[in-house]
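Engineer: Below is one structure. I have some questions about it.
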Amino acid sequence: QVQLVESGGGLVQPGGSLRLSCAASGIIVRIFGMDWYRQAPGKQRELAATITSGGSTRYVDSVKGRFTISRDNAKNMVYLQMNNMKPEDTAVYYCHVVSTPYWGQGTQVTVSS
């Protein structure tokens with residue numbers, strides 16, 4: 001049974017930083033590509049960042065240079081480091097296994113002064 005559990009969300013001021021974590025069980029994250037999606041209020045869910053099985057990373061233009069996706073193979077975890085955050089980063093962030101129906105429950109991130 002695949003389970004993805006996100007943590008690390010919260011309230012941060014503009015310009016601040018947060019690190020989201022995704023703890024995976026039932027899969028080996030280094031074998032699969034992993035995504036972070038986000039969904040802002042009233043908007044469709046969008047892909048924010050991807051790390052492939054080979055370790056390559058891709059980002060949506062709006063987060064390039066500010067967000068970093070990474071994984072820890074020993075801990076079987078995936079992370080999203082978010083720096084210089086903006087109010088438009090406010091969303092529920094979801095961990096996802098690429099090309100599968102497996103999603104985490106989401107963690108709320110709010111950027112506000």
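Engineer: Express in nm, to one decimal, how much length is gained between THR68 and THR100 on full extension, taking 0.36 nm for each residue of separation and deducting their alpha carbon distance.
Structural biologist: Contour length minus the Cα-Cα distance gives 9.3 nm.
Engineer: Hey, another quick one. For LYS75, go through the lysines and keep the ones whose alpha-carbon is under 30 Å away, minus same-chain ones fewer than eight residues off.
Structural biologist: LYS64, LYS86
Engineer: Using Cα pairs closer than 8 Å and at least 6 residues apart in sequence, work out the relative contact order for the chain, in percent.
Structural biologist: 37 percent
Engineer: Next question. So how do 15-22, 98-105 stack up, highest first, on mean other-Cβ count within 10 Å?
Structural biologist: 15-22, 98-105
Engineer: Still on this structure, I have one more. What is the percent of Cα-Cα separations in the chain that go past 26 Å?
Structural biologist: Counting pairs separated by more than 26 Å, the tail of P(r) holds 12 percent.
Every number here is computed from the coordinates shown, using simple stated rules; none is lab data. Computed from a predicted model, the values in this text were never measured in an experiment. Note that each Cβ is placed from the backbone with ideal geometry, even for glycine, and that neighbours are counted across all protein chains shown.
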